[in-house]
1. Using label points projected 7 Å from each Cα along Cα→Cβ, tell me how many nm separate Ile112 and Leu70, to one decimal.
2. Mind listing the phi-derived Karplus ³J(HN,Hα) values for the stretch 38-52, rounded to whole Hz, using 6.51, -1.76 and 1.60 with θ = phi - 60°, and x for any glycine or proline?
3. Run lengths n ≥ 4 of DSSP H only: what is the helix-derived mean residue ellipticity at 222 nm for the chain, with -39500 (n - 2.57) per run over all residues, to the nearest 500?
4. Decide, for the stretch 95-192, between rounded, prolate and oblate: order the square roots of the alpha carbon gyration tensor eigenvalues as a ≥ b ≥ c, take rounded if a/c falls under 1.5, and otherwise choose prolate if a/b is larger than b/c, else oblate.
5. Give me the percent of accessible area attributable to carbon and sulfur for the stretch 15-194, probe 1.4 angstrom.
6. Contour minus end-to-end for Phe27 and Leu175, with contour as 0.36 nm per residue of separation and end-to-end as the Cα-Cα distance?
7. Find the lysine pairs in the stretch 40-196 meeting two conditions, Cα atoms under 23 Å apart and a separation of 8 or more places or different chains, and report how many there are.
8. Work out, step by step, the length gained on full extension between Ala133 and Thr94: first 0.36 nm times the residue separation, then minus their alpha carbon distance; give nm to one decimal.
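The values are calculated or read from the model by the stated rules, or taken from the named source; none is laboratory data. Quick caveat, the model's predicted, so the values are computed rather than measured. Cβ placement follows ideal geometry from the backbone for every residue including glycine, while neighbour counts extend to all protein chains displayed. Note: accessible area is taken over every heavy atom of the protein model, side chains too, but ligands, DNA and RNA are not part of it. Shrake-Rupley method; radii C 1.70, N 1.55, O 1.52, S 1.80 Å.
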Amino acid sequence: MAIANLRIQPRFPTWPVYLAGLIPALFYVYQIFYGDLGADPAKTLEHAMGEWALRFLILGLAITPLRRELGIGLLKYRRAVGLIAFLYVVLHLTVYLLLDQGLDWPAIWADIVKRPYITIGMAGFVLLLPLAATSFNAAIRWVGGRNWNRLHKLVYPAVLAGAVHYVMLVKSWPLEPLVYLAIVVALLGWRVWRRT
Ligand code: HEM
């Protein structure tokens, strides 16, 4: 139920959100030099960046329902959250290309074509590219508000692809990827229900 009178409009600027979003990345940079990334550092980094990407993508999807249902106005932070999410997707992909595959392009191509969870993850990344490219004020003006809104609906299949990719890569049925997928489906289902 919407709580119409509750309008929480935070006053603080967006830069602390960018800074907070960088904390997990900085934590792992620290771990690379001074900490312990376990027996398989590449996998640890790949997993961590993938999970943070998904968390921020979900946070971005939650902003509109939070505003409509609870009156929590975080709209001004949506671009920051989206760009942080994209940063973690890029870091995740970079770890995969560089540390996991050693920039062996034929092997990478074979992986994309043959392993469905990589195909779907890659589709998620490609769908996010136009959003990242049009996230700056000049690009928004150039594309035009209405087209920009339409274009940004690509985030829905992109986040779904990310969550499905996570469920597909695990061999058994652990709870965590299913919880992420359930949250994504609920946030997308809310949009269908509210026709937004
Ligand atoms: C929207 C984009 C993406 C999201 C949200 C995402 C998210 C995730 C998540 C949450 C995990 C699991 C982390 C864990 O186990 O804790 C993961 C693993 C992985 N992702 Fe992605 N991913 C994306 C795109 C990609 C792309 C483009 C690639 C490579 C082409 C990729 C390759 C991998 C690999 C290789 C793993 C680890 C698999 C293993 O454990 O062996 N992902 N990803």
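1. 3.8 nm
2. x, 5, 10, x, 4, 5, 4, 5, 4, 5, 4, 5, x, 5, 5
3. Counting only the DSSP helices, I get -24500 deg cm²/dmol.
4. Judged from the Cα gyration tensor, the stretch 95-192 comes out oblate (a/c at least 1.5, b/c at or above a/b).
5. Summing carbon and sulfur atoms, their accessible area is 72 percent of the total for the stretch 15-194.
6. Gain on extension, Phe27 to Leu175, equals 50.7 nm.
7. Total qualifying Lys-Lys pairs in the stretch 40-196 comes to 4.
8. Stretched fully, the Ala133-Thr94 segment lengthens by 12.2 nm.
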